[in-house]
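Data block below; observations after.
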Amino acid sequence: MYLDRNTSLGFISALALTVALGCSSKKDNTDNGGGGVCSFNCGGNTGGASNGGAGNGIIDPSKICDGMFANQTCAADTVGQLLKTPNMLIVIDESGSMNQKSSAASASTKWGEMRQALTAALSVQKVRSNINFGLELFPNSGDPNAPIDPNDSNPTTSCAVPGDTNVAIEVPIETGTDKVNTILDAVNGAAPAGGTPTNRALQQAYTYFTTSPGKDLVGDKFVLLATDGGPNCNSGLSCTKESCTQNMDLLCGDHTVNTTINCCDGAGYICLDDVATVGEINNLAAAGIKTYVVGIPGSEAYSTTLDEMATAGQAPNTMAGATHQYYAVSASNSLADLQAAFEDITTKLVTSCDIPLTKSPTDISQVQVAIECQKINQVAPDAGTGGFFVDYSFTPAHIQLVGSTCSNMQLNGAREVDIVVGCRVTQ
C-alpha cells in the first residue's frame, strides 16, 4: 500500500470487538447491590465498574438468573462470572488501493471482496445475534456530502480522520440492537479513496471505547484491523527508502527494490507509520481492548509490521496452519481466506468452551455453572458426556465445557455464563 504524492492509495483498517466478563443478573446490568457488573470476589455491595471491577462484599445469589441460586449460602470466596454480548467496532480503511484487484485472476477489487466477505461473516445468525457491531470508516472527510476525492493528493484532506469521535464513528454500537444491515449498507455505499491514517483511526476507536459513548458498553471491547498495506499519513516523519511505503510497494523509480530513488524525500506522510500505530494498539490493549489484524493482499511487504501489530493487540491468529501472528489473506484465494478470517474472529468471541477464571476455586464440589440460566453438570474430564470441569493446569484455573455442552456452545454461542464458587445449597 502507498500514498503517492499525486495518487492517493491506502488500505483497510480496523474492526472492533467486545466481550464482557462479570457477575450480574441477565435482567439487571446496573452497578447496584449484587446486580452490578463485576469480576471475581464481587458481591452484594459491588460498586463495580461496567467493564468488570471487583467488588467487596458477598454476592447475593438472588441476583443471579432471577434467583436460581437463592436457596444457597455463599462463603467469602464466592466467584461469579458473566459472559455478555461482545461489542465489535468494525473500523474499515477505505483508502484508494482497495480499488485494486488482489490478483490478475480476481473477479473483483479488494474492496469488492472485502464487502462480500464481511457480508457473509456478519450474516451468520449466531454471530449477528451474539455480537453488538459498530462501524468506523477511514480516511473520512467527515462530510457525507463531500467525500474524499480519489484524485486528491493533499495529505491534509486525503488523510483525514474526523477529530470529533461522534463523527468518526459511522455506526455506533448499541447494546441489543442489530446494526449489521446498517453497517453493510454503509460499506456498500462507500468509495475507496485517500491514504492510510491507521494511527489516527485507532486513536478514535480508543477514544470511543474509553471516554465517549462506547465506554458505557457492558462487555469487553475488541478491534479488528484489516489492511492491504502499511499505515502512513504521518507528516511529521522522515525516512529512508527502505521504510517509504511507496518504495515498499515497488511504485517508486524503476519499480524495484533496488531503485536509488527515495519517494519519501520531502513527503514524509508516505513514510511507514509503524511505531505510532503499534503504540496505539498497545494503548488499546492496556485499556483491555484486544486488536485482531487482518492482512489483505498487497500487505505482504508489511508482514513484519503486521505481526508486531497483532502481537501488541494480544489477539494472534490461532487458525490451523497459520504462519503469522496476523490473519494473512492470500492473493490466490483472497475471497475465501478473507471470509474465513472474519468468521474465525467473530465466532470465537461467542463460542469458546474454555473460560478463564481470575481466581482458582479451592473446593471443586462448590463450583456451579449455569449457561443461559440453565445449570450444567460437573463431570470428569474424560467422562465423554456434556458438562464442565475445573482445569487446574492453568493458573488461575479455567472452566472447560465438554461433550454436548461444548458442542452446543460452539454451534449457538451464549450471552450469559454464570459461575458460582463457595456456595452450598441450604435446603
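Counted as qualifying within region 153-203 are the helices (runs of 4 or more DSSP H) with 1 or more residues that are polar (S, T, N, Q) and buried (at least 22 other Cβ atoms within 10 Å of the Cβ), namely 155-158. When region 223-264 is filtered for residues that are in contact with a Phe, Trp or Tyr (Cβ under 6 Å, 6 or more places away or on another chain) and either aliphatic (A, V, I, L, M) or not assigned by TED's automatic domain parsing to the domain that holds residue 102 (or both), the ones remaining, listed by number, are 224, 251.
Of all residues in region 125-149, those satisfying the criterion of being over 17 Å from the mean Cα position of the chain (by Cα) and not β-branched (Val, Ile, Thr) are 125, 139, 140, 141, 142, 143, 144, 145, 146, 147, 149. Considering region 346-408, the qualifying strands (runs of 3 or more DSSP E), each wholly inside and each with 1 or more residues that are touching a residue at least 24 places away in the same chain (Cβ under 8 Å), under 13 Å from residue 419 (Cα atoms) and small (Gly, Ala, Ser), run over 367-371.
Taking the conditions exactly as written (surrounded by fewer than 24 Cβ atoms within 10 Å (Cβ to Cβ) and at pLDDT 95 or above), does residue 258 satisfy them or not? Criteria not met by residue 258. Mind checking whether some residue in region 265-286 is at pLDDT 90 or above, in the same structural domain as residue 154 (by TED's automatic domain parsing) and at positive phi? Yes, that holds for at least one residue. When the criteria are applied in full, residue 209 fails the requirement of being surrounded by 15 or more Cβ atoms within 10 Å (Cβ to Cβ), among the aromatic types (Phe, Trp, Tyr) and closer than 21 Å to residue 296 by Cα. Is it true that some residue in region 410-423 is more than 20 Å from the chain's Cα centre (by Cα), in a helix (DSSP H, G or I) and under 27 Å from residue 291 (Cα atoms)? Yes, some residue in region 410-423 is more than 20 Å from the chain's Cα centre (by Cα), in a helix (DSSP H, G or I) and under 27 Å from residue 291 (Cα atoms). On inspection, residue 322 fails the criterion of being closer than 24 Å to residue 131 by Cβ, crowded, with 16+ Cβ neighbours inside 10 Å and modelled with pLDDT of 90 or more. Candidates 113, 136: the one that is over 22 Å from residue 370 (Cβ atoms), out of contact with any strand residue (DSSP E or B) (no Cβ under 8 Å at 6 or more places or on another chain) and modelled with pLDDT of 80 or more is 113.
Only one of the listed residues (417, 350, 402, 379) is within 19 Å of residue 318 (Cα to Cα) and either in contact with a strand residue (DSSP E or B) (Cβ under 9 Å, 6 or more places away or on another chain) or among the small types (Gly, Ala, Ser) (or both). That residue is 350.
If the condition is being in a helix (DSSP H, G or I) and β-branched (Val, Ile, Thr), then region 235-277 contributes 245, 270, 275, 277.
Results for (1) farther than 29 Å from residue 414 by Cβ; (2) of a type in the set (S, T, N, Q), shown as yes or no for each residue.
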| site | (1), (2) |
| --- | --- |
| 121 | no, no |
| 124 | no, no |
| 127 | no, no |
| 130 | no, yes |
| 155 | yes, no |
| 160 | yes, no |
| 211 | yes, yes |
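Residue pairs whose Cβ atoms lie under 7 Å apart, separated by 6 or more positions or on different chains, with the first residue in region 300-312 and of a type in the set (Val, Ile, Thr) and the second buried (at least 19 other Cβ atoms within 10 Å of the Cβ), are 305/230; 305/272; 305/274; 311/325. Out of all the residues in region 368-377, is one or more under 30 Å from residue 294 (Cα atoms), at pLDDT below 90 and not small (Gly, Ala, Ser)? No, that holds for no residue.
Annotation note: Cβ proximity below 7 Å between a residue of region 329-340 that is assigned by TED's automatic domain parsing to the domain that holds residue 114 and of a type outside the set (A, V, I, L, M, F, W, C) and a residue that is surrounded by fewer than 19 Cβ atoms within 10 Å (Cβ to Cβ) and assigned to a helix (DSSP H, G or I) (sequence gap 6+ or interchain) occurs for 339/120. Taking the listed residues 243, 238, 212, the one that is among the small types (Gly, Ala, Ser) and either touching a Ser or Thr at 6+ places or on another chain (Cβ under 8 Å) or modelled with pLDDT under 95 (or both) is 212, with no other qualifying. For region 326-365, the tally of residues that are over 23 Å from residue 380 (Cβ atoms), of a type in the set (Ser, Thr, Tyr) and surrounded by fewer than 17 Cβ atoms within 10 Å (Cβ to Cβ) stands at 3.
The values are calculated or read from the model by the stated rules, or taken from the named source; none is laboratory data. Predicted model only: the values in this text are computed from it and were never measured. Neighbour counts are summed over all protein chains in view; Cβ atoms, including those assigned to glycine, are modelled from backbone coordinates with ideal geometry.
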